[in-house]
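Asker: Okay, handing you the structure first.
The values are calculated or read from the model by the stated rules, or taken from the named source; none is laboratory data. It should be emphasised that the depicted structure is a prediction, and the values quoted were computed from it without experimental measurement. So basically every Cβ, Gly included, is an ideal-geometry build from the backbone, and we count neighbours across all protein chains shown. Areas reflect the complete protein model, heavy atoms only, side chains present, ligands, DNA and RNA absent. Shrake-Rupley method; radii C 1.70, N 1.55, O 1.52, S 1.80 Å.
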Amino acid sequence: MGNEVWIRVRNWLGLERNILVMLSALLILGMGEELWIRFVPKYLEYLGASVWVIAVYGTLKRFLDAVYQYPGGWLADRLGRRASLIFFIILAIIGYLLYLLGPGWKWVMIGTFFVMAWSSLTLPAIFSIIGDSLPRTHRSIGFGVQSILKRVPVVLGPFLGGFIIASAGMASGMKLGFGITIILALIAVFIVLYYYRESVPLFQSNTNFVNIWRNMDTRFKWLLVADCLARWAGGMPEVFVVLYIVNIRGLDIFHFGWLTSIQMLTAILIYIPIAKLSDRMNRKPFVLITFAFFALFPLVLVNATSFFWVVLAFVIAGLREVGEPARKALIVDLAHEAARGRTVGMYYLIRGLAVFPASLAGGWLWTIDNQLPFYSAALVGTAGFLVYMVWGPSGKITC
């Protein structure tokens, strides 16, 4: 009886064998990195890095997150999902070792080129595994489960990492975190190596970046345009939200942390039910609602007249995730099977490079008036909503 229930749960959530292996690696590596990754700027300061070096570190991460996407997709298609996952983990381990053994902040900067392999190079492979393993009617739920498990380490890791650092000191605590992550990464390599079952790769060597773009459904391109506008709406005020909450609204850091938890909890609670609905229905309304919330969040926050409205704004921020499983499933639905990794990589490469300057634009607007980044974000988000409403794909697509 218990086995039958587990089979039904697995089928309902789309937990096929390879997806379980991928999710296990994602959870293990994520848990390791979240022990220390949010404390790296402080660690750089401890190692003697200047404010500009710390700024370069943040910029480098964003840049690598963009440019690693297409090579990651190419490798996922060329090597296969299993070999590429193992390769990306090994690259990350090299980065962790540089973090652990490096005597100064320069080693951290060099190590970041390798550490980012896991979070950025791997993304197209994750999309491809879900696309390979699940039929179209189960892909949104697959992405919903992946999104939840990706956030579990965000909830637990920083708390545990902060405790380790507070107990052992900055240097010893960070190095202990790096060491734990290396051990966890080796466990992840073992899991992928022995439990992932690779299907025969369908790599087409003539399917390059230009050909993928030329042959892509026009509605896919409109999805990308709308998504870029939505991410601009999120990126322009992103780094200034904490400043607005603390400096302008007069709340403290504790309240901001509490509000962020509300946002994260809202997102986690909606993933599974909404993803299941989007698999059964047209995906477009769910993606459209997501883009609407990208426009609504900065508008509600900047016009909040009481703490209740501030809380509501962060609930809306969590609801920006309502259509994420459907949007990711659409990308996979539209991607040719033999170029799935490269299509995902192309999408996120273009989006990453297009949205790269959003924080700089927000900073310039902030120097003029601290409300301008929020109102501007609302306008850009509205444009993204309208673009997708008129030209975006519906989800009723045969590939």
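Asker: List the residue pairs whose Cβ atoms are under 6 Å apart, where the first residue sits in the stretch 181-193 and is open to solvent by 20 Å² or more (accessible area, probe 1.4 Å), the second is part of a helix (DSSP H, G or I) and of a type in the set (S, T, N, Q), and the two are 6 or more positions apart or on different chains.
Answerer: Listed pairs, sorted by first residue: 191/24.
Asker: If a residue must be open to solvent by 50 Å² or more (accessible area, probe 1.4 Å) and either assigned to a helix (DSSP H, G or I) or of a type in the set (D, E, K, R) (or both), how many such residues does the stretch 351-398 contain?
Answerer: The qualifying residues number 17.
Asker: Here is a further query. For a quick check of your reading of the model, give me the residue pairs whose first member lies in the stretch 68-89 and is within 19 Å of residue 33 (Cα to Cα), whose second is polar (S, T, N, Q), with beta-carbon atoms closer than 6 Å and at least 6 apart or on different chains.
Answerer: Final answer for the pair search is 68/120; 88/122.
Asker: All but one of (1) in contact with a Phe, Trp or Tyr (Cβ under 9 Å, 6 or more places away or on another chain); (2) surrounded by fewer than 16 Cβ atoms within 10 Å (Cβ to Cβ) hold for residue 168; state the number of the condition that does not hold.
Answerer: So residue 168 meets the others, but not (1).
Asker: Can you list residue pairs whose Cβ atoms sit under 7 Å apart, with the first residue in the stretch 226-246 being farther than 14 Å from residue 378 by Cα and assigned to a helix (DSSP H, G or I) and the second being open to solvent by 10 Å² or more (accessible area, probe 1.4 Å) and among the hydrophobic types (A, V, I, L, M, F, W, C)? Count only pairs 6 or more apart in sequence or on different chains.
Answerer: 242/256; 245/251; 245/256; 246/253; 246/256
Asker: Do we find that residue 100 is touching a residue at least 60 places away in the same chain (Cβ under 8 Å), among the aliphatic types (A, V, I, L, M) and closer than 30 Å to residue 48 by Cβ in this structure?
Answerer: The answer is yes for residue 100.
Asker: Can residue 111 be described as over 20 Å from the mean Cα position of the chain (by Cα) and more than 18 Å from residue 192 (Cα to Cα)?
Answerer: Yes; evaluated as a whole, the condition is true for this residue.
Asker: Filter the stretch 286-308 for residues that are open to solvent by 60 Å² or more (accessible area, probe 1.4 Å) and without any contact (Cβ under 8 Å) to a residue 60 or more places away in the chain; which is nearest to residue 378 (Cα to Cα)?
Answerer: Here the answer is 303.
Asker: Surrounded by 18 or more Cβ atoms within 10 Å (Cβ to Cβ) and free of Cβ contacts under 8 Å to residues at least 24 places away in the same chain: is that true of residue 322 in this structure?
Answerer: Answer is no for this residue.
Asker: So the check is Cβ under 6 Å with 6+ separation or different chains; which pairs have a first residue in the stretch 14-28 that's over 16 Å from residue 198 (Cα atoms) and a second one that's open to solvent by less than 10 Å² (accessible area, probe 1.4 Å) and at pLDDT 90 or above?
Answerer: Correct list of pairs: 28/188.
Asker: Okay, next question. Count, please, the residues in the stretch 151-202 that happen to be farther than 20 Å from residue 111 by Cα, outside any loop (DSSP other than H, G, I, E, B) and of a type in the set (Ser, Thr, Tyr).
Answerer: Of the residues in the stretch 151-202, 3 are farther than 20 Å from residue 111 by Cα, outside any loop (DSSP other than H, G, I, E, B) and of a type in the set (Ser, Thr, Tyr).
Asker: List the number of the failed condition for residue 280; all other conditions in (1) charged (D, E, K, R); (2) open to solvent by 50 Å² or more (accessible area, probe 1.4 Å); (3) under 24 Å from residue 359 (Cβ atoms) hold.
Answerer: Every condition holds for residue 280 apart from (3).
Asker: A further question on this structure: Just to be sure before I move on: is residue 211 assigned to a helix (DSSP H, G or I), open to solvent by 10 Å² or more (accessible area, probe 1.4 Å) and within 25 Å of residue 338 (Cβ to Cβ) in the structure I sent?
Answerer: Yes, satisfied.
Asker: Follow-up. In the stretch 169-181, what residues are more than 12 Å from residue 35 (Cα to Cα) and of a type outside the set (Ser, Thr, Tyr)?
Answerer: 169, 170, 171
Asker: Condition first: closer than 21 Å to residue 91 by Cα, out of contact with any Asp or Glu (no Cβ under 6 Å at 6 or more places or on another chain) and in contact (Cβ under 8 Å) with a residue 60 or more places away in the chain. Now tell me which residues in the stretch 153-180 satisfy that.
Answerer: Passing the criteria: 174, 175, 177, 178, 179, 180.
Asker: Same structure, new question: So which of 186, 202, 259, 223 ends up being modelled with pLDDT of 80 or more and in contact with a helix residue (DSSP H, G or I) (Cβ under 6 Å, 6 or more places away or on another chain)?
Answerer: Checking each option against the conditions leaves just 259.
Asker: Scanning the stretch 325-340 for residues that are small (Gly, Ala, Ser) and over 16 Å from the mean Cα position of the chain (by Cα), which turns out surrounded by the fewest Cβ atoms within 10 Å (Cβ to Cβ)?
Answerer: 338
Asker: Another question, if that's okay. Restricting attention to the stretch 248-260, and to residues there that are without any contact (Cβ under 8 Å) to a residue 60 or more places away in the chain and part of a helix (DSSP H, G or I), which single residue is nearest to residue 309 (Cα to Cα)?
Answerer: 259
Asker: Out of the residues in the stretch 1-55 that are acidic (Asp, Glu) and open to solvent by 20 Å² or more (accessible area, probe 1.4 Å), which is modelled with the lowest pLDDT?
Answerer: 4
Asker: State whether one or more residues within the stretch 261-268 are of a type outside the set (Phe, Trp, Tyr), open to solvent by less than 10 Å² (accessible area, probe 1.4 Å) and touching a Pro at 6+ places or on another chain (Cβ under 9 Å).
Answerer: No, the stretch 261-268 has no match at all.
Asker: Let me ask something else. Working only within the stretch 95-141, note down all residues that are among the hydrophobic types (A, V, I, L, M, F, W, C), part of a helix (DSSP H, G or I) and open to solvent by less than 20 Å² (accessible area, probe 1.4 Å).
Answerer: 108, 115, 116, 117, 118, 121, 125, 126, 127, 129, 130, 141
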